[in-house]
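Below is one structure, written out as C-alpha cells, with a few remarks after it.
Values in this text are rule-based calculations from the coordinates and carry no lab data. Please read these numbers as outputs of a predicted model, since none were measured by experiment. Note that we place each Cβ from the backbone using ideal geometry, even for glycine, and neighbour counts take in every protein chain shown.
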C-alpha cells in the first residue's frame, strides 16, 4: 500500500491541502525525528508522554521500563495516538492573524502490543538506538539478560496514519502586501553542540565516532 | 501557592527524584518553549495535536480557528493533558541500557474553557505572540473584528501540573566505568537561522527587529 487510506480520524477537515498520505513521505518525516508524544487514556482521562522511538518497516517501536505506568497501560492494547512533530520555522506575516509555523507532523492511531519474540525485541532496541544516534549500538556494551528482562518493547503498526505539512512564505491578505512590514520565515533547526565528556571518563578515551559525527551535523539532516 | 500539590496523576511512580513541583521552576520551563502537545479524547479515542501556546500568570492559553475540530472539542470543557517538552541532549552511557536523554517536560491536566471576554482574548493573543516571537506584535497589523471572530481562545488554568527533569552525565553500572567506551552528553539546541524574506517583500524593507534578533539567538535562551 503506497498511500495510507484516510479515515474519519485522519481526514483533515480544514486546510486539506496540508494533508500528506504518501507512505514514503510520511516515513521520511518519522525517520527525521526520534521523539514522539504518546497519547493514551487511563481511567477515562488523557495522558501525553514524550518518549524516544524507532521505525522499522511498517512498525513503530517504543521501549521503556517494564515497570512504567505508560508501558504497562499500553501493553494492554489500549488505543493510542502517537504524534511526531518537526518544527521547521516561524512564519512571519504582515498581519498578526496570518502568522503561522512551518512544520511537519505525523499522527499514528492504533493499538500497541508487547513484543515477546526475543529476536524482534533486540531488532527493535537496535532500531530505536539507531534512530536516536546512528552507530552508537556498535560502540557500547549490549544489553545483558537481566537488562532485557527489565525492558518492555511495544510495537505499533503503521496503518492509520496521516501527516500534516506547512512550508513556504506567509500568505497575507492581498491588501496587506502593500504594508511596510517585514515578512518571511525564521527557520529553526535542532542542532547538536560539541559533545561533553562524562566527568568520570579517563582523559585518554577519544570522543566516539557516533558522538563526534553527531556534533558536527544537524541532528535531523544526519538522518535525511 | 508556591508548589503544585501532587495528585494521583502527577506523582511520579518511578524515578521520583526527577519530579519538579516548584511553581517558578515549572513556569521557567513553560516560558522557554512555545509548542505544546494537546491530548484529548473524542468518541473514546485519544488525539494528540501540536500547537503554539502562551503562558500568562497562572493560565496557559492556546488559540486556533473557531472551526477547528480540536478547538471545538476543547471548548466543551473536556479533560485535556497538555505536555511541553524541551530536549536538552543525548546521554551516551557505556552500556546500551543506560542511554538516556536530558530533557525538561511539563504535564498540565485540567479542562480548558473558551475565553469570551474581549479584553482577555486580546491579552491572550498577545501573550501567545510574545511567547513565540517577542516584539513581533508591535510590528504588524493587529487583528480586525472579522479576524477576531474567526479565532477561538482557550484558557487552561495551571492547577494540576508537574514537571520532570533529567540533567547531567550518564549513570552507568559501577563495573562498566572500566570499559574503554566514550561516554558523555551530546547537547541539543533549537537554533534560529538567518531570516528568509517573503519573495513578495519589496527589497527596501529591512528585516524587522523581532526577526533579526531572533535569528542571532537560540530560540530558547531568548526567553531565559
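List of remarks:
- DSSP bridge pairs, region A:68-224: antiparallel proportion in percent, nearest 5: 100
- Prolate/oblate/rounded label for region B:50-162 (Cα gyration tensor, a/c 1.5): prolate
- The mean sequence distance of close C-alpha pairs (under 8 Å, at least 6 residues apart), as a share of the length of chain A, puts its relative contact order at 26 percent.
- Chain B shape via C-alpha gyration tensor axes, a/c threshold 1.5: oblate
- For residue A:45 and residue A:147, the difference between the fully extended length at 0.36 nm per residue and the C-alpha to C-alpha distance is 33.6 nm.
- The long axis of helix A:118-132 is offset from the longest Cα principal axis of chain A by roughly 50 degrees.
- Burial ordering of A:37, A:98, A:213, A:63, fewest other beta-carbon atoms within 10 Å first: A:213, A:98, A:63, A:37
- Gyration tensor verdict on region B:108-224 (Cα atoms; rounded if a/c is under 1.5, prolate if a/b is larger than b/c, oblate otherwise): oblate
- Take every Cα pair under 8 Å whose residues are at least 6 apart in sequence, average their separation, divide by the length of region B:1-74, and the relative contact order is 19 percent.
- Translational diffusion coefficient (Stokes-Einstein; Kirkwood radius from C-alpha pairs) of region A:31-98 at 37 °C, 0.692 mPa s, in µm²/s: 231
- C-alpha long axis of helix A:23-32 to longest principal axis of chain A, angle in °: 70
- Here the contact order of region B:74-172, divided by its residue count and restricted to Cα pairs under 8 Å and six or more residues apart, works out to 38 percent.
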